[in-house]
Structures are given as structure tokens and as C-alpha cells.
Amino acid sequence: MTRAMGLDSVELLVEVEQAFGIEISDQEAGNIATVGDFVNAVFSKVRLVPGEKCLTQIVFYRIREAFMLLRGEEVEVRPASKIIDLLDDNSVKVGWEFLESQVQLKFPKLVRMDIDRELNRDVRLLGIRIFTRIEALTKSSVEKLIGWIISLNFNELIDLEKISSKYEVERIIVGIISDKMGIPVNEIEQHHSITSDLGIN
């Protein structure tokens, strides 16, 4: 957010304040440099309400059941499991759409490296790297997928009046950044600078 906040940063700050029903002072906003700083600033103002159920566990069970239906057999699904190892031999796109329809929650959009596994991450011209492609989502873990799904569906999954953990605050903020700034959830990490990494002025 830096000391001189641009319009995008101000808009994002207002969205977050409204979502959580809090107010972040100009001085506090000036100290927010990363997504993690943003989470900490909000978390310090939120009154926690003990949760009855573990959100990540609920989403994990839905994903695990969807993978078993996709494979048509018992399959070991753990939080650390790689998504690509759990997809069957069919098209990744078809498998992804099936999972999304079974879980009945919005999934992050696949990237080019998910669809075409032969692509190199680095795009080069005359041997010089021009840019680096976004890492395939399917190379990530089920645990990461759970976080992305929670962020994309936070309005449906989290009661904003009954925040129960810092994790929920993080997932909501990532969801708001993604929605309002058009940045895919899989490209937003706690350590990312809001200005230089995410390009929010």
C-alpha cells in the first residue's frame, strides 16, 4: 500500500474495510507492504468467534469425494497429494470441469501449462528469456487447491460476521484482491508485495 496510495490501493482498502466492518487508519495503511501485512492489519481488528467446524476439512472431504468419482475407484487423497497425480488419464480440462461440477464451488482457471504439458516455463527469443509462464496449477498440492477454492468462494463458505481464524481472514483478503483487481488466486501469496509483485498502485 506504501505511503502514497494509488486509486487501486484505496479501492482495495475500502472493499476490505467494508467486508470486515472495520476501519484501517492512514498510518496503518501506510505500513501495509505485503499481502501478509494486510492480513495482519485486518486480523488485529477482527473479533474472533470460535468455529464449530473446520472449513479446510469440509472442503477437503468434498474434493476427495470428487476425485474418487472422477477415477471411479478408491484413491488415496491427502492434503500434500499433487493434483496432477490424482487426475485420471483423460484431458486435464475435462477432469477439472468434472471436479468443479462435483464440488459445486468455483475453481481457479487452468493456465496454458496445465493444458499443454510440453510447454517450457521460460519463453525465449533468440536464447533470451522474454517472460516466464505461470506454473501449472495441477502441479500444486490439494492443500493449495483448498485455499484457492475457499478464496474464490469466501462469500458462500465464510460467515463474515463470525470469523474464526487468521486463515479465514487471509482467504477472504486473497479472494477480495482476486475479485477486485482481476489477479488469479493462485498468483497471490502472503509474501507478495502489493505494489511490485501484484501491480496494485
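No lab work stands behind these numbers, since they all come straight from the coordinates. Keep in mind it's a predicted model, so treat the numbers as computed, not measured. Every residue, glycine among them, receives a Cβ derived from its backbone with ideal geometry; neighbour counts consider all protein chains shown.
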Hits among lysines - C-alpha to C-alpha of LYS166 under 18 Å, sequence gap 8 or more where chains match:
LYS45, LYS53, LYS144
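Per DSSP H run of n ≥ 4, the term is -39500 (n - 2.57); total these for the chain, divide by its residue number, and report the mean residue ellipticity at 222 nm rounded to 500 deg cm²/dmol.
Roughly -14000 deg cm²/dmol at 222 nm, from the helical runs in the chain.
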By how many degrees, between 0 and 90 and to the nearest 10, does the Cα long axis of helix 92-103 differ from the longest principal axis of the chain?
60
For segment 142-150, in residue order, the Karplus 3J(HN,Hα) values (coefficients 6.51, -1.76, 1.60; θ = phi - 60°; whole Hz; Gly and Pro = x) are 4, 4, 5, 4, 4, x, 4, 5, 4
For segment 130-201 the GluC sites (Glu not before Pro) that pass both the DSSP coil test and the at-most-15 other-Cβ-within-10 Å test are GLU135, GLU161, GLU189
Shape of segment 10-88, Cα gyration tensor, a/c cut at 1.5
prolate
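Diagonalise the Cα gyration tensor of the chain and give the resulting equivalent ellipsoid semi-axes, square root of 5 times each eigenvalue, largest first, whole Å.
After scaling each eigenvalue by five and taking roots: 31, 25, 11 Å.
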Please report the relative contact order for the chain, taking Cα pairs under 8 Å with a sequence separation of at least 6, and give it as a percent rounded to a whole number.
31
Please sort 20-30, 96-106 by packing, taking for each peptide the average over its residues of neighbouring beta carbons within 10 angstrom, highest first.
96-106, 20-30
